[in-house]
Amino acid sequence: MSELQLPAESTWRPLLDLALAEDLGPGDVTSRVSIPRGKTARARIEAREDLVACGLPLVAAVFRAVDVGLALEPQTEDGKDVTAGAPLLHIEGSVHSILAGERLSLNFLGHLSGVATTTRRYVDAVRGTSTQIVDTRKTLPGFRMLDKYAVLAGGGTNHRIGLFDGILLKDNHIAAAGGVAAAVRNARTQAPANLRVQCEVESLEDARAAWEAGADMLLLDNRTPDEIRDIIAACPKDLVLEASGGITLDNVRAYAQTGVHRVSIGALTHSAKNVDVALEIDEAGQGARRA
């Protein structure tokens, strides 16, 4: 896997600021009334199940936003496999600050590691084939870039980021344009030079109309593996073919074995289960040792 790089801060900082504002508000009243202000502690965030880590730089940003004086020691990296019980991050400093950032950091980490872990399962399921596992635009508002980063952490491949950086003619575009051939011809005529034209098709007839009109890529939607094999056998060899719709961990390998180049799966982001991560205080005292 190539080295991961968290998306530009401008793409996630507003989300982090919103999350801090809605969780902390004017301050953590529970910690204020139960724990002396100067108390310090050593703590750890740990995995409670096997997972693919993702979101550790974001967790660090959360704690720095709460208190720049906290000492943070990552114990692994995004994209790495982690076993249940293993530490992900050590934290030392103000107990008030650690607890103020606890839930938000776990929310981000649990979700993003869940996306990465789900993606890795699909990637492992097609291992040994040439098929890529690809994400979609089915993300929660504000999480687009982070979710796509998590897909990369799991070994998947990003599809277009939004409507602005890729041409994908779907059923409603086709209906409004007057058919597959008309939609592709219109797009081919006006497409920017750096963008390929992809068209969704649901039959061999539609596929033929799309490539004859100049499509570069086909999205084979809700087709069975046998139907996809028939389309692949008839298609020009330079067409990029992507399968989607109704694909699960149980059948993804059967789709990959058709020879399709990519399989796109909305469930990587819209249905990934949060993984179980937790923060535990290891040592507390007025002057806990600083790293």
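The values are calculated or read from the model by the stated rules, or taken from the named source; none is laboratory data. Every value quoted in this text rests on a predicted model; they were computed, and no experiment measured them. In this analysis, Cβ positions are derived from the backbone assuming ideal geometry, glycine residues included, and neighbour counts consider all displayed protein chains.
Below, the figures for the structure above:
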read-out: Top-ranked residue in region 225-241 [being exposed (fewer than 15 other Cβ atoms within 10 Å of the Cβ) and in contact with a helix residue (DSSP H, G or I) (Cβ under 9 Å, 6 or more places away or on another chain); ranked as farthest from residue 186 (Cα to Cα)]; value: 234
read-out: Residue, farthest from residue 161 (Cα to Cα), within region 1-50, restricted to residues that are among the charged types (D, E, K, R) and part of a helix (DSSP H, G or I); value: 32
read-out: Enumeration of residues in region 242-288 that are at pLDDT below 95 and outside any loop (DSSP other than H, G, I, E, B); value: 282, 283, 284, 285
read-out: Residue within region 21-42 that is closer than 24 Å to residue 117 by Cβ, assigned by TED's automatic domain parsing to the domain that holds residue 82 and at pLDDT 95 or above present; value: no
read-out: Residues being surrounded by 13 or more Cβ atoms within 10 Å (Cβ to Cβ) and of a type outside the set (A, V, I, L, M, F, W, C) - total across region 172-195; value: 5
read-out: Subset of region 65-91 (residues that are surrounded by fewer than 21 Cβ atoms within 10 Å (Cβ to Cβ) and in a strand (DSSP E or B)); value: 71, 72, 73, 74, 81, 87, 90
read-out: Residue in region 136-144 that is among the aliphatic types (A, V, I, L, M) and either crowded, with 18+ Cβ neighbours inside 10 Å or not assigned by TED's automatic domain parsing to the domain that holds residue 263 (or both) present; value: no
read-out: Any hit, region 92-110, residues being of a type in the set (Phe, Trp, Tyr), in contact (Cβ under 8 Å) with a residue 12 or more places away in the chain and in a helix (DSSP H, G or I); value: yes
read-out: Residues located in region 149-176, provided they are in contact with a helix residue (DSSP H, G or I) (Cβ under 8 Å, 6 or more places away or on another chain) and either within 20 Å of residue 82 (Cα to Cα) or modelled with pLDDT under 95 (or both); value: 149, 150, 151, 153, 154, 155, 156
read-out: Some residue of region 204-211 being assigned by TED's automatic domain parsing to the domain that holds residue 253, surrounded by 15 or more Cβ atoms within 10 Å (Cβ to Cβ) and in a loop (DSSP other than H, G, I, E, B); value: no
read-out: Some residue of region 41-61 being surrounded by 11 or more Cβ atoms within 10 Å (Cβ to Cβ) and at positive phi; value: yes
